[in-house]
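A short reminder: the numbers here are calculations on the coordinates, not readings from a lab. Here the structure is a predicted model, which is why all the values come from computation and not from measurement. FYI the Cβ positions are ideal-geometry reconstructions off the backbone, even for glycines, and counts take in every protein chain you see.
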Amino acid sequence: MLKRFDAWLDSRTGHRALLHAALYENVPGGARWRYVFGSAVTVLILMQAATGIALELYYSPSTTDAWASVNYIETQVMLGSLLRGIHHWGASAIVVVVALHLLQTLWAGAFRAPRELNWLAGFILLQIILGLALTGYLLPWDQKGYWATQVATSIAGTVPLIGPKLQTFLQGGTSYGNLTLTRFHTLHVLLLPAALFSVIAVHVALFRKHGVTPPDLPAAELERKAEPFYPRQLLYDTAVSAVGVGVIFYLAWRLGAPLEAPADPSSQYLARPEWYFLPLFQLLKYFEGGAELVGTIILPGVAMGFLAGLPFIHAVFSRRIPNLHRVLAGALTVGLMGVGALGALAVSADRSDPAVAALAAKAHEEAMEARRLASMGGVPASGPLNLYRNDPLVWGHRVVVSQCQKCHNPCDTQPYKGSPCLEGYASRAWISRFLRNPRAPHFFGNTKIDDMEAYTGPQESADALTEFIYSQGGRPDVTVALAKKGEELFESEGCASCHTLDGVGSGLGPDLKGWGSREWSYAFIRTPDATRFFGELNEMEAFDHLRLPEEELQAVTAWLHAQGSQPLKFP
Amino acid sequence: MSEPSTTPPTRRSFLSALTVLLGGAITALASIPVLGSLFSPLRAAPATGAADAPIPVGTVSEFPVGVPRRVELIRSVTDAWSRSDATTVGAAWVTRNADDTFTAFSTICPHLGCGVNLDKQRNIFACPCHTSAFGLDGKFQTGPAPRGLDPLQVEVRGKEVLIHYKRFKQGTPERETV
Ligand code: FES
């Protein structure tokens, strides 16, 4: 039945001859492991195409939506993070295997006549692949893509004469925006893949025409060892591809693909390209004052020109220099190693720079924060940057850093020399530690306030007192019975001799009614020297609405209130 | 391939020339709208008055004297088809001088456009990308940047500080707005 169908199909399509031609191609000298790279790249490219199409189902190319849609893929789409991970690591893997493929054909001398045009086709494929890599990482519109790609398009802008026009053309405007994304998106998913597959067709057809470049063995030897592509070579190819795919899956599963915080044009981001562009990045550092073009365009251009022109250089000089192809292969390999060394330099420069580590840590924190906010009900339609602006905690934190931390240093400053530090403020841990040692450096140790005595009663009572004071902040998780007990102790243990609970205060110690609540903090920050608070003892500056506008203060009090459920950040 | 003998050679070349011509016409016709839209961003952008209005960044007393403070520049922006009413278009390092005048620099590095940082220890502006450094007065010190930081015009209206935001072309010694 199947046989008859096959015969019928063959008479209509001629597929048997096609399959035969594909599988029984003669491999002079026999199957070899080093012939596998071309097939492996093809397999990886097909995997990129498949994962790319799947990603495309969820991706939305606009400045307001791109980051949100990628974050959606990461968090909501089933297996989405794995999918994106594969696409991400697949890109890196392709660059690696392409480099191996290039080295292999280089050392086999496959660029020599009659295969010059196939070398050129391969060169074009390399450019297309680099183009795909470059256009790809802008698409999430996160900090990394945004800043690293800026550098690339700015380089285009430095080209003599046409530079500025070229940059505007690529960006779709004078600055980055929606049209930049739609352009890069079109390049990445339509134009470049179409070009890639067309040139691959030419590359493979030419390869089929000329066959593999056999090793330097006597013809008889090659003849004797010759075998068809199927089954051994095909198995080798498939085995190596399988290993590659396995590695990619492993990396995608363990590490996933990075997604930085949403692109923010006002931020200082550590712009670093993907690893395969690091050598170019490093090159930019060396050429100063008008010589930038050397690093941005001339040197890379010369290197690429040499690569493309290899067959023709060989044709011109091969008669005079014996074994020229080996010399050329050696030169190119050394060049490639130099490129690798440049990349390594870039990495080591970053490793030894503490400022870089700090920026990277900050970027990571911001990324986590953005994704946390996005997980609380999605990204605003007005764009992911408004995640921060609408979130009083994030905003409050910014204000605290810029306004409050001048005196109330971050808790992990060492040694601690500031006013009471605020991380974890009014949490149970904060209160109970404070009761036991109010003069500790993280509390009032660095201020003139030394009237408060440490509480030395039993732990049980301390816990009850803590709970009572904690309950003043209007917290949902108060243990009422314990707080009641604490309220009684408040009288009997003598707290009440300085602290009132009437919301008016005595001027001896802060009134504790509602202590730690937003209202209390709000009033305190505006008038810390009121009798309700520290009165004459006060050392803190008052923040009127000029120094701290209404909305900023609201954000700060929201942040302070939220500290009640945060851990302390000091030992 | 055998030629149909009914067609005389001159007529044959005429027919093929006609075919090429018509094919060319199809290509040319289809190219017109494609190329036109492709190059659309190169047209000079229509001037929008609102976009050039100075951006308020705070009141005078909010700026400490002598220490650069980073401000975000937020205004309404129309990006192609979408308008957002409060969008960060960039940032500036603003310093209040002793005589209450202000100096401001765009945070965009004149080399290739990264965001420039304030290095408090060394009292310079440092670019995290290719290690360009600038003095607090914006003057170029070291690195691949072709010029100093780009100054922005600051206007003080009563107590309010406003910045006239501009973007400059990167990578050139002379300063050109884009
Ligand atoms: S972008 Fe600032 S040094 Fe290159």
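Table for the structure above
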read-out	value
Residue A:100 paired with residue A:406, simple spin-label distance in nm, labels 7 Å along Cα-to-beta-carbon	5.9
Sequence of B:130, B:111, A:499, A:210 once ranked by neighbouring C-beta atoms within 10 Å, starting from the fewest	A:210, A:499, B:130, B:111
Only Lys, Arg (+1) and Asp, Glu (-1) charged, at Cβ; the protein assembly as shown dipole about Cα centre in debye	3580
Counting all C-alpha pairs of chain B, share separated by more than 19 Å (%)	69
Helix A:66-75 axis, angle to chain A major axis (alpha carbon atoms, nearest 10°)	90
Isolated Cys residues of the protein assembly as shown, judged by Cβ distance under 4.7 Å to other cysteines	A:404, A:407, A:495, A:498
Residue order, fewest to most beta carbons within 10 Å, for B:32, A:248	B:32, A:248
Long-range amide H partners of residue B:87 with built H, under 5 Å	B:75, B:76, B:77
Nearest-0.05 FRET efficiency for residue B:157 and residue A:247, computed from C-beta distance (R0 41 Å)	0.10
Local electrostatic count, residue A:323, Cβ distance below 13 Å [Lys/Arg +1, Asp/Glu -1]	+3
Surrounding net charge for residue A:207, when Lys and Arg each add one and Asp and Glu each subtract one, Cβ distance under 12 Å	+2
Note, ³J(HN,Hα) from phi for the range A:95-111, Karplus 6.51, -1.76, 1.60, rounded to Hz, x at Gly and Pro	4, 5, 5, 4, 4, 5, 4, 4, 5, 5, 5, 4, 6, 6, x, 6, 7
Charge-dipole axis of the range A:239-304 as Lys and Arg at +1 and Asp and Glu at -1 on Cβ define it, positive-most pick from A:268, A:282, A:242	A:242
Ranking of B:147, A:526, A:319 by count of other Cβ atoms within 10 Å, fewest first	A:319, A:526, B:147
Neighbourhood net charge (15 Å Cβ-Cβ; Lys/Arg +1, Asp/Glu -1) for residue B:133	+1
Helical contribution to [θ] at 222 nm, DSSP H n ≥ 4, -39,500 (n - 2.57), averaged over chain B, rounded to 500	-6000 deg cm²/dmol
Alpha-carbon centroid distance for the pair the range A:462-531 / the range A:320-374, whole angstrom	57
Estimated dipole of the range A:349-406 in Debye, rounded to 20 [Cβ of Lys and Arg +1, of Asp and Glu -1, Cα centre]	140
HN-Hα J in Hz across the range A:144-152 - Karplus 6.51, -1.76, 1.60, θ = phi - 60°, x for Gly and Pro	4, x, 4, 7, 5, 6, 3, 4, 4
Residue-span extension gain [residue A:351 to residue A:459] - 0.36 nm each, minus C-alpha spacing	34.1 nm
Acute angle (nearest 10 degrees) that the helix B:9-38 long axis makes with the longest principal axis of chain B, alpha-carbon atoms	20
Span from the the range B:114-178 Cα centroid across to the the range A:210-242 one, whole angstrom	60
Helix-only mean residue ellipticity at 222 nm for chain A, each DSSP H run of n ≥ 4 adding -39500 (n - 2.57), per residue, nearest 500	-18500 deg cm²/dmol
